[in-house]
Amino acid sequence: MSYHCVATFLPDNERSPVSSGYRCLITEDGARGGTLTALDFGDIELVFPGDRVQARMIPTEVVEWYAGMEFGIFEGSTRIGSGTVTQVMKR
């Protein structure tokens, strides 16, 4: 299953931009741990800190996310963004 979302990357002058295929931890707000997830930004070549984008999320394991779920985007233990699931897509 994959998920469509709107994500906002936190502004940080020291961070590099990311591109489709970027893998990060997605954590439902308030939850511990996270799920390794690849992000696909479609036609957008690079996403810079501070950008708000639409993306497709492809988790590496089975999860039960839902439309309207708010989540954090983490790189290790550092929160680098947040977002909201807008649509659940069946494969």
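If you go through region 1-9 one residue at a time, do you hit one that is surrounded by fewer than 11 Cβ atoms within 10 Å (Cβ to Cβ) and either assigned to a strand (DSSP E or B) or out of contact with any helix residue (DSSP H, G or I) (no Cβ under 6 Å at 6 or more places or on another chain) (or both)?
Within region 1-9, not a single residue is surrounded by fewer than 11 Cβ atoms within 10 Å (Cβ to Cβ) and either assigned to a strand (DSSP E or B) or out of contact with any helix residue (DSSP H, G or I) (no Cβ under 6 Å at 6 or more places or on another chain) (or both).
For region 17-45, enumerate the residues that are in contact with a strand residue (DSSP E or B) (Cβ under 7 Å, 6 or more places away or on another chain), among the aliphatic types (A, V, I, L, M) and outside any strand (DSSP E or B).
Hit for region 17-45 is ILE44, nothing else.
Which of the following residues is charged (D, E, K, R), in a loop (DSSP other than H, G, I, E, B), farther than 13 Å from VAL85 by Cβ and without any contact (Cβ under 8 Å) to a residue 40 or more places away in the chain: GLU64, GLU14?
The unique qualifying residue is GLU14.
Of everything in region 17-36, what is within 14 Å of ILE80 (Cα to Cα) and either among the aliphatic types (A, V, I, L, M) or touching a Leu at 6+ places or on another chain (Cβ under 8 Å) (or both)? Give them in sequence order.
Within region 17-36, PRO17, VAL18, TYR22, ARG23, CYS24, LEU25, ILE26, GLY34 qualify.
Does ILE73 fit the bill of being of a type in the set (A, V, I, L, M, F, W, C), in contact (Cβ under 8 Å) with a residue 40 or more places away in the chain and under 16 Å from VAL6 (Cα atoms)?
Answer is yes for this residue.
Where a number appears in this text, it was derived from the coordinates with a stated rule and is not lab data. Fair warning: this is a prediction, and the values are worked out from it, not measured in the lab. Note: ideal-geometry Cβ built from the backbone for every residue, glycine included; neighbour counts use all protein chains shown.
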